[in-house]
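Step one of this worksheet: look at the structure below.
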Amino acid sequence: MHPETTETGQTAIRSDPAADSSVSEDIRSLWRELLGLSYEHFRLAGLETRRAGESLVAMIVAGMMLAVLLVGAWLGLLAAAVLFLIGQGWATSGAILFAVTVNLLAALMLYALIRHKSHYLQLPAFLRSLEPKPAKSRKDLS
């Protein structure tokens, strides 16, 4: 009988210490590479998050500056409109009151738009999709 064959004819598996140490060394090497790779991924995610945060701050600052410039331009347009109305024979107080009324109407329209759109911030379709479906009653099945 061959030394690796048992009496029932099955081949016995012998443990080779050199092969075992090679496999365990490969596993350790893979584990170290996995840890290194995960560290690099976390480091990259951290750097990208920092960069995104800095970009967000820059965008907010630029947006605020833009808002100040637009407000200045809007006030300039209102002043020009008031001066035009005064030039057309309107009283100064009437021209200013008209400009304020137009501003308030525009603000009211924007408020209505914001109020209408705020409904979608609550994710209504998504929340409806999470609600359980009502069970069919016995009457519906007949």
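Karplus-derived 3J(HN,Hα) values for the stretch 73-90, using 6.51 cos²θ - 1.76 cosθ + 1.60 with θ = phi - 60°, are 5, 5, 5, x, 5, 5, 5, 5, 5, 5, 5, 5, 5, 5, x, 8, x, 6 Hz; glycine and proline are entered as x.
Which whole-number value in Å² is the accessible area per residue of the stretch 82-123, probe 1.4 Å?
86
Treating each Cα of the stretch 16-137 as one equal point scatterer and applying the Debye formula with no solvent, the log10 of I(q)/I(0) at q = 0.11, 0.18, 0.23 Å⁻¹ comes out as -0.81, -1.09, -1.21.
Once R0 is set to 41 Å, what does the formula 1/(1 + (r/R0)^6) return for the Cβ-Cβ distance between Ala79 and Leu127, expressed as a FRET efficiency to the nearest 0.05? Result of the calculation: an efficiency of 0.30. Along the Cα-to-C-beta direction of Ser55, a point sits 7 Å from the Cα; which residues of the stretch 30-45 have their amide N less than 17 Å from that point? Inside the label zone: 44-45. Normalised by residue count, the stretch 76-132 yields a Cα convex hull volume of 74 Å³ per residue.
The values are calculated or read from the model by the stated rules, or taken from the named source; none is laboratory data. Because the structure is a prediction, the values reported are computed rather than measured. So basically every Cβ, Gly included, is an ideal-geometry build from the backbone, and we count neighbours across all protein chains shown. Remember, those area values only see protein heavy atoms, side chains included, never the ligands or the DNA or RNA. Shrake-Rupley method; radii C 1.70, N 1.55, O 1.52, S 1.80 Å.
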